[in-house]
Structures are given as structure tokens and as C-alpha cells.
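Right, one structure below, let's go through it.
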Amino acid sequence: MASTRSGARRTRVHVVSDVHGNARDLARAGDGADALICLGDLVLFLDYADHARGIFPDLFGVENADRIVELRTARRFEEARAFGARLWAGIGADRATAIEKAVRKQYAELFAAFPTPTYATYGNVDMPTLWPEYARPGTTVLDGRRAEIGGWTFGFVGGGLRTPMRTPYEIGDEEYAAKIEAVGEVDVLCTHIPPEVPELVYDTVARRFERGSRALLDAIRRTRPRYALFGHVHQPLARRMRIGATECVNVGHFARTGTPWALEW
């Protein structure tokens, strides 16, 4: 904790989300902070800004990555799924093995980059079943749970809601709402996805509305945390917005910026 001129101890945390393979900057993300908070999406499956990066182009090449991004951006999801299915058919029964091998390689590097202490929750592209194998002492994984940092209570809810994209950790609205309810009243509510507010869920580059949570929005209005922190939407219309007493902040697309968001009190 940092000292002020009056001698009082202050706490500083750095917050990241949507790391998507950026282990280099992640290793420095906790510098100068008392703790690091990570709101998920560690895995890089396909980089929409650089189609040569990620598991998909590693397996199928850049031209096929270009094509699937084109289809998804145009919201032609059925065509994208059919195109992807043809590519995966070439791998056959080894599909799950190939994906898990690639994810494990990324997780080994990314979890090794976490400083101590780190508090982390899952993103929608993460594979929660693998996290216990890679989370070292000093990294606390929370989902539907709370932690105290510097005298403030932080609540964590991971994952995303179901979409046509069918990413690995998407759950139903009722299950997600139950996790929000389990967290209860906190000083800082940390989630991967944003509350369901148009300005916070629209991605200006992907040109589509991502799924936000109505249950999360209702909880913010009802419990009035000091902050609601989230990621998921890489280029939102609004990066921050006040909802009642709560400052809602998209803590950024860390893969691109490499810079954590800082909170000090």
C-alpha cells in the first residue's frame, strides 16, 4: 500500500480484461499496485485486428481467418458456422485435442505472468476447467464470490451469456443472475461482461451489439456499488458511464493497449 503525505495508507489496484494472449504486458500490469484484478478472456482464439494471431490462424491459416472474420462482422453467423465446420472437419476427431493443446500453451504462459496477488475471473472465451491446473499460489480465482482488498469488498462474476458465437464459457441468464445475486452488496462489482446499456455493449469496430446483462444492470441500480468494472466489448461507444451512484468503467482491451486501469482509495 502507498503512503500519503499525512501518513495514511492508501490502496492501489490495477485492473485488466480481455488479455487475449498479451503475456508480455501482463507481466508488468501489476507494477506499482497492491494487487492485480483480471476480468478474463485470457485466450486468444482469433484477433480481429490482426488475423494472423491466435489459435484459429495457427490451425487454418490467415486467409481462412480473414474469411471467418468477414462473415462474423457481417453477422452472417450461420455461414460462419458452416465455413468453420468444413475447416474443423479436416481435423476430425482431434478437434477438441487440438484446441485444448493450444489453450494449455497459452495458459501456461499467461498464468506464469500473473503477479502476486492476483484476483481473476473467467471471460466467455476461457475454459474454467483448466484454470485450477495453472493458477499458482498468489492467484485467487473467483466466480460468484467476494474478496476483501484494502478494506473494500470486491464481487466477481465471470463468463458471458449465450450468443450465436457459442464461445466456451457462455451460460444461461438465470444461472448468471444467480451468481450476481450470490455476490450481493459490494464496493466494487467486477464482471467480464457489461450491464445491458446500449452505449456500453455496442462495439464500434465489430459493428454489433454484444450481450450485456440485465441482471447486472438491475443489481447496480439496487445495490449501488462504488464501481462496476467490466470488459468484453473491445471498442465501446462509451468507456465509462454513471448509473445512479455507480461509476461503470470498461477497463479496456488489454491485448491492444497493454495498459491496466488503476483504482486507488
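The values are calculated or read from the model by the stated rules, or taken from the named source; none is laboratory data. For clarity, every value in this text was computed on a predicted model and none was experimentally measured. Please note: Cβ atoms are built from the backbone with ideal geometry, for glycine as well, and neighbour counts cover all protein chains shown. The area values use the complete protein model at the heavy-atom level, side chains included, leaving out ligands, DNA and RNA. Shrake-Rupley method; radii C 1.70, N 1.55, O 1.52, S 1.80 Å.
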Dipole of the chain [Lys/Arg +1, Asp/Glu -1 at C-beta], most positive-end residue of 113, 259, 137: 259
Cα-centre dipole for the chain with unit charges at Cβ (Lys and Arg positive, Asp and Glu negative), debye to 20: 440
Pairwise centroid distance, computed over Cα atoms, of the range 109-156 with the range 27-104, Å: 22
Alpha-carbon Rg/Rh ratio, for the range 40-171, with Rh computed the Kirkwood way: 1.02
Long-range HN-HN contacts of residue 240 with modeled amide H, under 5 Å: 250
Chain lengthening between residue 133 and residue 94 when straightened (0.36 nm per residue, less Cα-Cα): 11.9 nm
Charge dipole (debye, nearest 20) of the range 82-214; +1 at Cβ of Lys and Arg, -1 at Cβ of Asp and Glu: 580
Which of 92, 232, 13, positive extreme of dipole for the chain (C-beta unit charges): 13
Residue of 92, 123, 160 that the Gaussian network model of the chain assigns the largest fluctuation, springs spanning Cα pairs under 10 Å: 92
Virtual spin-label span in nm between residue 257 and residue 52, 7 Å along Cα→Cβ: 2.6
For q = 0.14, 0.15 Å⁻¹, Debye-computed log10 I/I(0) when each Cα of the range 186-241 counts as one equal scatterer: -0.33, -0.38
Whole-percent carbon and sulfur share, accessible surface of the range 169-265, 1.4 Å: 48
FRET efficiency, residue 148 to residue 63 (Cβ-Cβ, R0 51 Å, nearest 0.05): 0.55
Residue-normalised accessible area of the chain, expressed per residue, 1.4 Å probe, Å²: 46
Added length on full extension, which subtracts the Cα-Cα distance from 0.36 nm per residue, residue 104 to residue 240: 45.6 nm
Kirkwood hydrodynamic radius (C-alpha pairs) into Stokes-Einstein, the chain, 10 °C and 1.306 mPa s, D in µm²/s: 84
Residues whose placed amide H lies under 5 Å from that of residue 161, excluding near-sequence neighbours: 171
Helix-only mean residue ellipticity at 222 nm for the chain, each DSSP H run of n ≥ 4 adding -39500 (n - 2.57), per residue, nearest 500: -9000 deg cm²/dmol
Net dipole in debye of the range 1-116 [+1 Lys, Arg Cβ; -1 Asp, Glu Cβ; about Cα centre; nearest 20]: 440
Stretchable slack from residue 27 to residue 74, in nm (0.36 nm times residue separation minus alpha-carbon distance): 13.4 nm
